[in-house]
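Encoded as structure tokens, the structure appears first; notes follow it.
The values are calculated or read from the model by the stated rules, or taken from the named source; none is laboratory data. This is a predicted model, so every value here is computed, not measured. Cβ placement follows ideal geometry from the backbone for every residue including glycine, while neighbour counts extend to all protein chains displayed. SASA here: full protein model, heavy atoms, side chains in, ligands and nucleic acids out. Shrake-Rupley method; radii C 1.70, N 1.55, O 1.52, S 1.80 Å.
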Amino acid sequence: MMDQLESIISRVDETNGEAESLNTTPTSPLCIFHTKSGCIPHLTNETFSYLDKQLTEDTVKIFQVPMPGVIEYGQTFEATCSAAELFCLPSKSSLYCTIQDPTNLPSTGYNTNKSVAVWSSSGRKSFTPKSYMEFIQRMKPDVYQALADGDVTSSESRKRAIKSVNRSMQFLEECMQMHKEATALKKSKIVCVVEGGGFLEERKRCVKEIVCLEQEYKVPVFGYVIDSLPTESVLSAANIAFVKSIVEVLPRDKPVIVHGVGDPLSVIHLTEVGVSIFVTSYISKLSDANVALIYNIPKLDHDTSVSVNDKNIEKVSGGELNITMQMSCESHARSFEPLMENCTCYTCKNHTRAYIQHLVKLNEMLAPVLLMLHNLHHHLTFFKTLHNASKSKNALSLFKQQFVGINRPISS
């Protein structure tokens, strides 16, 4: 995956200590780290180092920092060389600032024609484009989302979807204007947000207006977020087709980003339709819920006889596969095997299911730490294999067939 990061991260002169910036399009797919207040949930720098270095050395470069956890840091950002330094992230890390946290979406109904509501530990704060860009200039992230009205679900009315696009385009134009004038953001890039709820015509209108604003203001745009997708862990075939229709009208020279989706089968489907970047927020939610990943990952270097009829594979949902395991179940209390037999993560090499179940039952803080280590290791291993499989359409199709075949319940 090193070529993946080399294509996305362009280093400026390292001898003068300047930070690196995100400049070019990554090869698909890329998984970046989700954080809360600049830290990966449940992991310190020491425990993060327990992850396999072969997995992290290619992906530790990019960290998502949602605004809700860092709103109070505004003045502190001004006193530090970089936000990455403040958060004690690995050297040469790049930051991607997002408006909301995909693991804890806010209450709806508080956005207005002039502002977007963000909830922090001290309560609700409303950001206008001006106040938002002032915050971004203090933080100086490598990449940041333009302010957008993402408070729209697929069940919202067409009128509300139209309003979300109109507001978001107004906010985007103001953000682009201020970006051009901000000397602190010379090395930063904008991520444009595609809104429009469940109405494809509005999504396409949003894309068309984004492209027009790009051409008018000529600010550096890193990529596009398809926002406000359904929050269920497994995307339906209809939702995958919906995303595909949006991707088809987006410019091809920049990556497409999706937040909140991490179910492996959904990730494979989205990779097929052109989504380039995912975030590990899925892993944070699983670990918080005491859930462990247990699915098998196809081995691309081995010929396997396991396959599934391609006509039937689209009917399979992630919920029908053996993907996760709830560690609070009493059935694990006397299980002295690791979470996964052949997993090489720190948790599986040192602890048993019984011990982790015991920690979960007593609500010990170590439980989510061990689950986070395992889940991140497994998720990154999956992405590394998926990246290799995505180099050709046929290889990706075979990878999907094998994934479904080796993760079906035995009874099916």
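Placing unit charges on each Cβ (+1 for Lys and Arg, -1 for Asp and Glu) gives the chain a dipole about its Cα centre, and among 146, 371, 290 the Cα reaching farthest toward its positive end belongs to 146.
Were the residues from residue 187 through residue 88 laid out at 0.36 nm apart, the gain over their Cα-Cα distance would be 33.6 nm. Rg then Dmax, both in Å and based on the Cα atoms of segment 323-412: 15.6, 48. Our helix-only sum for the chain, with -39,500 (n - 2.57) per DSSP H run of n ≥ 4 divided by its residues, gives a mean residue ellipticity at 222 nm of -11500 deg cm²/dmol.
Using only the C-alpha atoms, the convex hull of the chain corresponds to 148 Å³ per residue. Under 20 Å of direct C-alpha separation, and excluding same-chain neighbours fewer than eight residues apart, residue 244 reaches these lysines: 204, 208, 254, 311, 315, 391, 393, 400. In this Cβ point-charge picture (+1 for Lys and Arg, -1 for Asp and Glu), the chain has a dipole of about 660 debye about its Cα centre. Taking every protein chain into account, the accessible area of segment 261-304 amounts to 31 square angstrom per residue (probe 1.4 Å).
Heavy-atom accessible area with a 1.4 Å probe sorts 76, 56, largest first, into 76, 56. The Cys residues in the chain with no partner Cys Cβ within less than 4.7 Å of their Cβ are 31, 39, 81, 88, 97, 175, 192, 206, 212, 329, 345. Distance from the Cα centroid of segment 54-109 to that of segment 166-187 is 20 Å (rounded to whole angstrom). Exposed loop positions in the chain were taken to be trypsin sites (Lys or Arg not before Pro) whose DSSP state is not H, G, I, E or B and which have at most 13 other beta-carbon atoms within 10 angstrom. Between these positions, the longest stretch is 12-91.
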